[in-house]
Amino acid sequence: MPVKTICKQVLGWLLVLNFFWPQAAGAAPSGEEIMAALDRALNSYQGTILMDLTVARPGGTPRTSRIRVYISGTEKMCFRYLEPARERGQGYLRVGDEIWMYLPNARRSLRMSGRQNLQGTDLANDDLLRLDLFRDYNPVLVGEESEGGEECWVVQLTTTDPSVTYGKMIYWVRKIDSLPVKTEYYSFAGKLLKTMYYKEVQEIGGLVRPVRMEVHSNLREGYQTILTMIEADFATAIDDAVFTRDFLEQIY
C-alpha cells in the first residue's frame with residue numbers, strides 16, 4: 001500500500017479518536033491540581049485584612065467582633081481583636097504548627113491546638129489560623145456539580161492522620177477561577193460537622209476573592225459564624241516581628 005495512502009488512513013483514525021477521546025489538554029484536572037489552584041488563589045499572599053467576626057445564635061442578638069489579621073504565606077498568621085472594648089488586645093498567633101492565644105487579663109499567652117474552638121464561634125482554630133489545610137490530605141476529584149449558580153469541581157480530601165482536625169473535607173471549587181463555593185467538614189466517624197459557604201466574590205486589596213464566609217453548624221441548628229472582610233492590603237510586606245509572641249502580647 002502506498003505510503004501516502006497509509007498516512008491518510010492513520011490521519012483519519014486519529015481524527016476519529018480525537019472526537020471520541022478528548023485530548024489531555026481538555027481532560028478534567030486532578031484533585032491535586034484543583035486544590036493547588038485554589039491554594040494559589042486564596043493563600044499565596046501576604047498582607048493585612050480588617051475583618052468582622054459575627055456569631056449568631058437562635059433567639060439571640062448577633063455578636064460582632066472586629067479583628068485585624070496579618071498573613072505571610074501559608075505558614076504564618078496573627079490576628080488581634082480591636083473591638084469591642086472587652087475583647088481588645090486578645091489575639092492568636094500561628095507559626096508552622098504552633099498556635100498561641102493571648103488573654104490580656106491573664107497577661108500571658110497559652111498554647112492551643114488546631115482542634116480547639118476559636119472562642120465562642122463555630123470555627124476550629126485550624127479553620128481560620130491554618131492556611132495549608134491540604135498538606136495532610138489526599139485530594140481526589142469526585143465529580144462536577146452546579147453549586148450556588150456556579151459550575152464546580154467537587155474534590156474530596158481524606159486523611160488517616162489522627163492529629164488533624166477533620167477526617168474528611170469536600171470542596172466545591174469554581175471552574176472559572178478556582179475559588180471555593182462551599183466546603184463540608186466531617187469527623188473521622190463520617191459525621192457532617194459544619195458547612196462553610198463562600199459569598200460575595202469581589203476585588204479587595206487588589207485580589208479577587210470571596211469577602212463573606214458563612215459557617216453553618218450541622219450539629220446545632222441555627223448556629224452560625226460569619227466572617228466579613230472590610231478592607232485589605234496585599235501589597236505591603238509584613239515584618240517577621242509581627243509573627244512573634246512579643247507582638248501578640250503587646251498592650252493596646
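The values are calculated or read from the model by the stated rules, or taken from the named source; none is laboratory data. Keep in mind it's a predicted model, so treat the numbers as computed, not measured. Using ideal geometry, Cβ is built from the backbone for each residue, glycine included, and neighbour counts are taken over all protein chains shown.
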Query - Matching residues, the range 114-149, being more than 18 Å from the chain's Cα centre (by Cα) and either among the hydrophobic types (A, V, I, L, M, F, W, C) or modelled with pLDDT under 95 (or both) - result: 119, 120, 142, 149
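Table: residues versus (1) more than 12 Å from the chain's Cα centre (by Cα); (2) modelled with pLDDT of 95 or more; (3) surrounded by fewer than 20 Cβ atoms within 10 Å (Cβ to Cβ); (4) assigned to a strand (DSSP E or B).
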site: 161; (1), (2), (3), (4): yes, no, yes, no
site: 165; (1), (2), (3), (4): yes, no, no, no
site: 172; (1), (2), (3), (4): no, yes, no, yes
site: 184; (1), (2), (3), (4): no, yes, yes, yes
site: 190; (1), (2), (3), (4): yes, yes, yes, no
site: 194; (1), (2), (3), (4): yes, yes, no, yes
site: 198; (1), (2), (3), (4): no, yes, no, yes
site: 213; (1), (2), (3), (4): no, yes, no, yes
site: 216; (1), (2), (3), (4): yes, yes, yes, yes
Report task. For the range 24-50, enumerate the residues that are assigned to a loop (DSSP other than H, G, I, E, B) and within 19 Å of residue 213 (Cα to Cα). Result -> 44, 45
Query raised in the report: Of these, 53, 110, which one is among the hydrophobic types (A, V, I, L, M, F, W, C) and either in a loop (DSSP other than H, G, I, E, B) or in contact (Cβ under 8 Å) with a residue 24 or more places away in the chain (or both)?
Result: 53
Query raised in the report: Within the range 218-241, how many residues turn out to be closer than 30 Å to residue 160 by Cβ and more than 15 Å from the chain's Cα centre (by Cα)?
Result: 4
Query - Criterion: more than 19 Å from residue 52 (Cα to Cα) and touching a Phe, Trp or Tyr at 6+ places or on another chain (Cβ under 7 Å) - qualifying residue of 112, 101 - result: 112
Query - residue 138 being polar (S, T, N, Q), closer than 24 Å to residue 36 by Cα and in contact (Cβ under 8 Å) with a residue 12 or more places away in the chain - result: yes
Query raised in the report: If only one of 177, 233 is within 18 Å of residue 46 (Cα to Cα) and exposed (fewer than 15 other Cβ atoms within 10 Å of the Cβ), which one is it?
Result: 233
Query - Filter result for residue 98 (under 16 Å from the mean Cα position of the chain (by Cα), surrounded by fewer than 18 Cβ atoms within 10 Å (Cβ to Cβ) and closer than 23 Å to residue 45 by Cβ) - result: no
Query raised in the report: Do the conditions hold for residue 121, that is, is it surrounded by 20 or more Cβ atoms within 10 Å (Cβ to Cβ), in a loop (DSSP other than H, G, I, E, B) and not charged (D, E, K, R)?
Result: yes
Query - Failed item, numbered, when residue 178 is tested on (1) closer than 28 Å to residue 88 by Cα; (2) within 14 Å of the chain's Cα centre (by Cα); (3) among the polar types (S, T, N, Q) - result: (1)
**Report entry** Selection status of residue 64, surrounded by fewer than 16 Cβ atoms within 10 Å (Cβ to Cβ), modelled with pLDDT of 95 or more, β-branched (Val, Ile, Thr) and out of contact with any Cys (no Cβ under 6 Å at 6 or more places or on another chain)
**Finding:** yes
Query - Tabulated pairs, the range 160-181, first touching a residue at least 40 places away in the same chain (Cβ under 8 Å), second among the charged types (D, E, K, R), C-beta under 7 angstrom, 6+ apart or interchain - result: 164/136; 165/115; 165/126; 179/209
Requested in this report: Could you tell me whether residue 238 is in a loop (DSSP other than H, G, I, E, B) and touching a strand residue (DSSP E or B) at 6+ places or on another chain (Cβ under 6 Å)?
Outcome: yes
